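Some notes on the structure that comes next.
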Amino acid sequence: MVLKKDYMVIERLNTEELFSSLDETWATFLELVSSVDEQDINIAPFEGSWTVAQLATHVIKSNKAIVQALQMQGKPCNRNADERTDDLKKIFLDFTVKFQSPEFIIPEKKEYKKGIVVEQLENSIEQLKQSGAEANLYEIIMLPAFGELTKFEILYFVLVHTQRHLRQLKNILSIINKKN
């Protein structure tokens, strides 16, 4: 019984660390998107690149899909709730690999308004925070792209996915700032 209690304390600490890392990553991403001048938000820094607005829209669409996943009915977890986090980190923080996004989270090619993009990004982050706080992070759900993940691992995916795109955002801004 004492071991189970100690195990739960460790899990809670990992959860607190995850939410803290998410908050920090989201704040940085949002701050950078918010700092872009209106005239630069739709500029592709090079052929084949997304604009700042498209990158933010991709993150918004992904966040909304994750909110839906967190609200799904799960099944009890019979393994460590964070067992697959190292795999997710290795996959998504390997910047030598380029991924093809699923169709449903690819941003449209259009002119975006900065204020709308920032507002949608803020809303998607708030919805994720709320859904993450309300979810049973020890439940497992099935996702076509990943197989079975706990809701804790799904939030960890959000962290590494956003960190990956934060790096991409910094690269885009670096190129745009050099051109200005």
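Bear in mind that the values in this text are calculations on the coordinates, not laboratory data. Treat the numbers as computed from the prediction; the structure is a model and nothing was measured. When we count neighbours, we look across all protein chains shown, and the Cβ atoms used for this are built from the backbone with ideal geometry, even at glycine.
The 3J(HN,Hα) values that the Karplus relation (6.51, -1.76, 1.60; θ = phi - 60°) gives for segment 111-118 are, in residue order, 7, 9, 9, 3, x, 5, 4, 4 Hz. Gly and Pro appear as x.
Against the chain, whose longest principal axis comes from its Cα atoms, helix 2-35 is set at around 10 degrees. Basic side chains Lys and Arg get +1 at the Cβ, acidic Asp and Glu get -1 at the Cβ, and with that the dipole of segment 2-179 about its Cα centre reaches some 340 debye. Of the chymotrypsin sites (Phe, Trp or Tyr not before Pro) found in segment 90-180, those in coil by DSSP whose Cβ has at most 14 other Cβ atoms within 10 Å are Phe95, Phe99. Please report Ser174, Ser34 as a ranked list, fewest other C-beta atoms within 10 angstrom at the top and most at the bottom. Final ranking by Cβ density, sparse to dense: Ser174, Ser34. The trypsin sites (Lys or Arg not before Pro) of segment 43-87 that DSSP puts in a loop, and whose beta carbon has at most 15 other beta carbons within 10 Å, are Arg79. Relative to the longest principal axis of the C-alpha atoms of the chain, give the angle of the C-alpha long axis of helix 151-179, reported between 0 and 90° and rounded to the nearest 10°. Helix 151-179 and the main axis of the chain meet at about 20 degrees. For Glu148, the amide hydrogen comes within under 5 Å of the amide hydrogens of Leu143, counting only partners 5 or more places away or on other chains and with H modelled in the peptide plane. Between 0 and 90 degrees, the angle of helix 52-70 with respect to the longest Cα principal axis of the chain falls at about 20 degrees. Taking each of Lys90/Lys178; Lys64/Lys113; Lys90/Lys170; Lys113/Lys151; Lys109/Lys129; Lys61/Lys178 in turn, the alpha-carbon distance tops 24 angstrom for Lys90/Lys178; Lys113/Lys151; Lys109/Lys129; Lys61/Lys178. Sites counted here are GluC sites (Glu not before Pro) in a DSSP loop (not H, G, I, E or B) having no more than 10 other Cβ atoms within 10 Å; the longest part of the chain that contains none of them is 112-180.
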